[in-house]
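Accompanying notes for the structure given below.
The values are calculated or read from the model by the stated rules, or taken from the named source; none is laboratory data. These numbers were taken from a predicted model, which means no experiment stands behind them. Methodologically, a virtual Cβ is constructed for each residue, glycine included, from the backbone with ideal geometry; neighbour enumeration extends over all protein chains shown. Only protein heavy atoms, including side chains, enter the accessible area calculation; ligands, DNA and RNA are left aside. Shrake-Rupley method; radii C 1.70, N 1.55, O 1.52, S 1.80 Å.
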Amino acid sequence: MLLGDPIAHSLSPAIYTRAFERWTEEDRPSYNAWRVTPERLSATVADLRAHAQVLGGNVTIPHKEAIVPLLDGLDERAKQIGAVNCFVRHGDRLIGCNTDVPGLLAVLERAGRNGGRAVLLGAGGAARACAFALAVLCKYELTILNRTVARAEALAGAIWKAGGRANAAPLQTAAALHALGDTGVLVNATSVGLGNPHAAPIDLRGAVTNAHCVIDLVYEPLETALLAAARATGATCIDGLEVLVEQARASINAWFGDRASVVTSEQLRGAALQVHARRGER
Ligand code: NAP
């Protein structure tokens, strides 16, 4: 299940339900979205722990940090990040992990990127996982740009403590271009563009080239203004649905181990695109 509030917009139940069609009917898992308010989170986690048939689940806004002390432990990566988007049953314990990180790593790998300079737009929950993936695990030289600069500075500080290199600056086009260099990766982890195909966090028109890679975590709409501007320059573009799908795949791995191999990223992407298109028709 997915715990969050609000939850109605989530594509995850439809994506996982399609993925689990690969299981035989007798042992097919189910996945539902549960709207859980912050006041109910503690009781909900206790309830899930008590039900042995619950193998795990996902957590989204606003619970990714609040759930940490309610779980029975975290894996090493989630400990470092301080945020959890996935939990897994180990006997009678629920252990937190973070599959947003392997989600981003998978799309970077597919784009053939493995280091250099990176610019991260945003300093919220999603940006935190991206910053660790980029600067700590992949050793990118990271610049974090955020509307509220103090939040970018705090995140950059956490990255240094974890052994990565990051600096912070205001959310401005000039700062992004300077930090990107000739070949860097730019990741949008702000919510700018969500629900608005004309809004972009910075102006990329004519500013990036086909040597850059631009990733937008926003997937509603799929083609954001930021991605459209980047695509027009020939940059490698990755949409938010690709990252979501890889995160889902990493979650399925965490829950089912070897049995997860029946599900491929392509199947998940196909399911995600179908659900996304159906939603657009409404
Ligand atoms: P969050 O914690 O609320 O952070 C929001 C970020 O957006 C903050 O950095 C905030 O800046 C910035 N922001 C919001 N409005 C802005 C504006 N008008 N101008 C400039 N900056 C603005 O949210 P989140 O959980 O990190 O999620 C961020 C986005 O990523 C959402 O669109 C979410 O749907 C998407 N997401 C996608 C995936 C995926 O798998 N594709 C996974 C997770 C999240 P301040 O600090 O200044 O407020």
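Cross-link partners of LYS139 among aspartates and glutamates, defined as those whose alpha carbon lies under 19 angstrom from its own and excluding same-chain residues fewer than eight positions apart: GLU76, ASP100, GLU109, GLU153, ASP182.
Keeping every protein chain in place, order ARG18, ARG151, ARG269 by accessible area at 1.4 Å, biggest value first, i.e. largest first. Let's see the in-between values first.
Working: ARG18 95, ARG151 130, ARG269 60 Å².
Correct descending sequence by accessible area is ARG151, ARG18, ARG269.
Taking the Cα-to-Cβ direction at THR148 and at ARG40 and moving 7 Å from each Cα, how far apart do the two end points lie in nm? Between THR148 and ARG40, the label points sit 2.7 nm apart.
Within a straight-line Cα-Cα reach of under 20 Å, LYS64 can be paired with the following lysines, leaving aside sequence neighbours fewer than 8 residues apart in one chain: LYS79. Among ALA46, ALA260, ALA169, the largest mean-square fluctuation in a Gaussian network model of the chain (Cα springs under 10 Å) belongs to ALA46. Extension gain, ARG279-ASP92: 0.36 nm per intervening residue step, less the Cα-Cα distance, totals 63.5 nm. Between region 158-226 and region 28-58, the alpha-carbon centres lie 34 Å apart.
Summed over the residues of region 101-238 and divided among them, the accessible surface reaches 42 Å² per residue at a probe radius of 1.4 Å.
Mean projected area of the Cα convex hull of region 233-282, taken over all directions, amounts to 4.7 nm². In terms of accessible area, using a 1.4 Å probe and ignoring ligands and nucleic acids, ARG22, ARG28, ARG89, ARG147 rank largest first as ARG147, ARG22, ARG28, ARG89. Once the GluC sites (Glu not before Pro) in DSSP loops with at most 16 neighbouring Cβ atoms within 10 Å are cut out of the chain, the longest remaining piece is 66-222. If only the Cβ of Lys and Arg carry +1 and only the Cβ of Asp and Glu carry -1, the dipole of the chain around its Cα centre is close to 320 debye. Net charge in the neighbourhood of PHE20 (other residues with Cβ under 14 Å of its Cβ; Lys, Arg +1, Asp, Glu -1) is +1. Taking 0.36 nm per residue of separation and subtracting the Cα-Cα distance, full extension of the segment from HIS198 to GLU26 would add 57.3 nm.
The apolar share of the surface of the chain, taken as the fraction of accessible area on carbon and sulfur atoms (1.4 Å probe, ligands and nucleic acids excluded), comes to 51 percent.
If you take the beta carbon distance between GLN172 and GLN53 as r and set R0 to 45 Å, what does 1/(1 + (r/R0)^6) give as a FRET efficiency, to the nearest 0.05? The computed FRET efficiency comes out at 0.35.
Over the chain, dividing the summed -39,500 (n - 2.57) contributions of all DSSP H runs of at least 4 residues by the number of residues returns a 222 nm mean residue ellipticity of -11000 deg cm²/dmol.
Overall, region 101-238 carries a charge dipole of about 300 debye about its Cα centre when +1 sits on the Cβ of Lys and Arg and -1 on the Cβ of Asp and Glu, all other atoms neutral.
Farthest toward the positive end of the dipole of the chain, out of VAL68, VAL187, PRO197, is the Cα of VAL187, where the dipole comes from beta carbon charges about the Cα centre. Of all the C-alpha pairs in the chain, what % are more than 31 Å from each other? Cα-Cα pairs in the chain separated by more than 31 Å: 26 percent.
If R0 equals 35 Å, the separation of the Cβ atoms of GLU65 and ASP258 corresponds to a calculated FRET efficiency of about 0.65.
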